[in-house]
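Inspection log for the structure reproduced underneath, given as structure tokens.
The values are calculated or read from the model by the stated rules, or taken from the named source; none is laboratory data. Since this is a predicted model, take the numbers as computed values, not measurements. Cβ placement follows ideal geometry from the backbone for every residue including glycine, while neighbour counts extend to all protein chains displayed. For the accessible areas, the whole protein counts, side chains as well, though only heavy atoms, and no ligand, DNA or RNA atoms are used. Shrake-Rupley method; radii C 1.70, N 1.55, O 1.52, S 1.80 Å.
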Amino acid sequence: DTRFAIEEWTVEAWVRPDAAGAADSLLVHRDVAAGETNFFLGLDTSWQVTAGFGTNVLATTNVIDVTGSTNWTHLAASYKKAGQILTIYIDGAEVTNRVCSANPRFSGVGPVVQRIGVEYEGLMDEVRIWRGVRTTNELQEAMSSVLLGSEIGLVAYYRFDDGTSWSSGSQFTSLESGWNHGQVEDFVTDWGQNWKRNWHEAATVQG
């Protein structure tokens, strides 16, 4: 979907990794060609937060809580074209940034792949993808609240409140080819009543 082709961006999510889960994972990412990433937010093998695009990668020295307890962590990353600044936030506070050598490629020869939770083991909530850079204040003010879905710049918003999570042997309502494991609704207002379009703007749970 071309709405995900963004040069300046902010991605955010609440996470609670499993204590026994694998560390190295991609929480949110978009690839536009082999080896060409438009944006990503993830966790490395040391449970440090990573973010970036292409060959421009940033990692924190902070390690997030992976005890498997009830503790959730809010993670966010942004890229600002002016100054080519890549920034990572944990629980609404900026923890590190860097100047990048280029701007992200937001289109390419493909395959175009947009995924959430690759190799991630644990719980995730309130995944948000924005066009443009969210300020620290904007992140802090909204990260603990449910959005309306009509906020300016909101590209995609997965609340995981739609009750169609995957379960073994179940097939759900989508008529999209290969979408057999339940739909994750996009709560951006523009995609309201998405079931009328066979959940075309939704995501599908797999595995």
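For this structure, a couple of remarks:
- Those residues of the stretch 184-202 which are in contact with an Asp or Glu (Cβ under 7 Å, 6 or more places away or on another chain) and either crowded, with 20+ Cβ neighbours inside 10 Å or at pLDDT below 75 (or both), in sequence order: Val184, Glu185, Asp186, Trp199, Ala202
- Counting only strands (runs of 3 or more DSSP E) that sit completely within the stretch 73-171, those holding 2 or more residues that are closer than 14 Å to Phe4 by Cα and open to solvent by less than 30 Å² (accessible area, probe 1.4 Å) correspond to 122-131, 154-158.
- Looking across the stretch 8-25, just one residue is more than 18 Å from Ala93 (Cα to Cα) and at pLDDT 95 or above, and that is Glu8.
- Selection count where residues are within 22 Å of Glu138 (Cα to Cα) and among the polar types (S, T, N, Q), scope the stretch 1-41: 1
- Every residue from the stretch 63-87 that is aliphatic (A, V, I, L, M) and modelled with pLDDT of 95 or more: Leu75, Ala76, Ala77, Ala82, Ile85, Leu86
- Pairing residues of the stretch 55-66 that are among the β-branched types (Val, Ile, Thr) with residues that are in a loop (DSSP other than H, G, I, E, B), at Cβ distances under 7 Å and at least 6 apart in sequence or on separate chains, gives Val63/Ser46; Val63/Trp47; Ile64/Trp47; Val66/Ala19; Val66/Trp47.
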